[in-house]
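Comments concern the structure below.
The values are calculated or read from the model by the stated rules, or taken from the named source; none is laboratory data. Since the structure is predicted, the reported quantities are computational estimates derived from the model, not experimental observations. Because the Cβ atoms are built from the backbone with ideal geometry, glycine has one as well, and the counts that use them run over all protein chains shown.
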Amino acid sequence: MAAKRGALIVLEGVDKAGKTTQCKMLVQALQQSGYPAEMMRFPDRSTTIGKLISAYLEKKSELEDHTVHLLFSANRWEMVPEMKRKLEQGTTLVVDRYAFSGAAFTSAKPGFSLDWCTRSDVGLPKPDVVLFLQLSPAEAASRGRYGEERYEDAAFQSAVLDRFRQLMDDSSVNWKVVDASGSVDDVHKDIALKSLDAIHAAQTQPLGELWK
Ligand code: FDM
């Protein structure tokens, strides 16, 4: 009999919400409970496209805004065959950022509609759940200064949060809000419970197509 498919679990949220820490903890907890699981992150800076994106984020290069948006999207599409293969083999993928960051960040720039920003990601593997780590701008600020990369400033992050809120109105996506203001362990427990629900549901549902 074919293995039950793994779940596609995405963590989103503004900077400082703890996405990367929580992704790592979730993968470890799932593995320890006997669920095959791997972490992925977008942008994946290791590929040729990812290196272009990384240089842009580090402000070592300039790219036209539509162009970099499409590169972020292409960086997801290039991983799709591998993602599908792993999911089909029964591995759950825990993904740090996905198309929602793509749409929220670009559409926070002047002159970009949310609609245009989602187009290039239509049809990507649809997450079984998107966990949105919620943190108020004041709480984010209390976690220390932003870094030096592009987009790491409070005004831009607040525009991004508005766009995330708009994306969360779309009920075709299984959004779950996680209060990220608690302790690392409390947030982890909430994420683990919600992820197990998604893993069980995924076993009886085919993988969907995002925004289609
Ligand atoms: N980002 C990330 C985008 O602008 N578009 C995207 O599609 C994705 C996946 O890149 F500022 C932004 C979000 C963030 C930066 O930072 C990536 P991290 O620290 O590698 O997550």
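Some notes on this structure:
- Among the residues making up segment 83-116, those that are among the charged types (D, E, K, R) and within 17 Å of the chain's Cα centre (by Cα) are Lys84, Asp96, Arg97.
- Against the test of being surrounded by 14 or more Cβ atoms within 10 Å (Cβ to Cβ), within 13 Å of the ligand (Cβ to nearest atom) and either of a type in the set (D, E, K, R) or within 19 Å of Ala202 (Cβ to Cβ) (or both), the options Met83, Met39 yield a single qualifying residue, Met39.
- Of the residues making up segment 52-77, those that are more than 13 Å from the ligand (Cβ to nearest atom) and either on the phi > 0 side of the Ramachandran plot or not hydroxyl-bearing (Ser, Thr, Tyr) (or both) number 3.
- The residues listed here are Leu131, Leu196; of these, the one that is within 30 Å of Gly34 (Cβ to Cβ) and in contact with a Leu (Cβ under 6 Å, 6 or more places away or on another chain) is Leu131.
- Close contacts from segment 61-87, counting a first residue that is without any contact (Cβ under 8 Å) to a residue 60 or more places away in the chain and of a type in the set (Val, Ile, Thr) and a second that is surrounded by fewer than 14 Cβ atoms within 10 Å (Cβ to Cβ) and assigned to a helix (DSSP H, G or I), with Cβ to Cβ under 8 Å and a gap of 6+ residues or different chains, come to none at all.
- Filtered residue count, segment 192-212, keeping only those that are over 23 Å from Gln89 (Cβ atoms) and outside any helix (DSSP H, G or I): 2
- Counted residues, segment 160-191 - those being part of a helix (DSSP H, G or I) and either in contact with a Ser or Thr (Cβ under 6 Å, 6 or more places away or on another chain) or surrounded by fewer than 16 Cβ atoms within 10 Å (Cβ to Cβ) (or both): 8
- Here the helices (runs of 4 or more DSSP H) wholly within segment 25-141 that include at least 2 residues being touching a strand residue (DSSP E or B) at 6+ places or on another chain (Cβ under 8 Å) are 80-88, 99-107.
- When the residues of segment 118-150 are filtered to those that are more than 15 Å from the ligand (Cβ to nearest atom) and of a type in the set (S, T, N, Q), the one that is nearest to Val14 (Cα to Cα) is Gln134.
- Cross-chain or 6+ apart pairs with Cβ under 6 Å, segment 96-121 first and on the phi < 0 side of the Ramachandran plot, then within 9 Å of the ligand (Cβ to nearest atom) and among the basic types (Lys, Arg): Asp96/Lys19; Asp96/Arg41
- Pair list, Cβ under 9 Å, 6 or more apart: segment 144-161 residue within 26 Å of Ser113 (Cβ to Cβ), other residue of a type in the set (Val, Ile, Thr): Tyr151/Val160; Gln157/Val14; Ser158/Val14; Val160/Val14; Leu161/Val14
- If you check Val187, Val130, Val160 for being β-branched (Val, Ile, Thr) and under 21 Å from Ile53 (Cβ atoms), only one passes: Val160.
- Residue within segment 26-45 that is under 14 Å from Leu131 (Cα atoms) and in contact with a helix residue (DSSP H, G or I) (Cβ under 8 Å, 6 or more places away or on another chain) present: yes
- Any chance Arg150 is basic (Lys, Arg) and part of a helix (DSSP H, G or I): no
- Boolean, Lys16 is among the basic types (Lys, Arg), more than 26 Å from Glu209 (Cβ to Cβ), surrounded by fewer than 22 Cβ atoms within 10 Å (Cβ to Cβ) and within 12 Å of the ligand (Cβ to nearest atom): yes
- Yes/no for Ile9 being part of a strand (DSSP E or B) and modelled with pLDDT of 95 or more: yes
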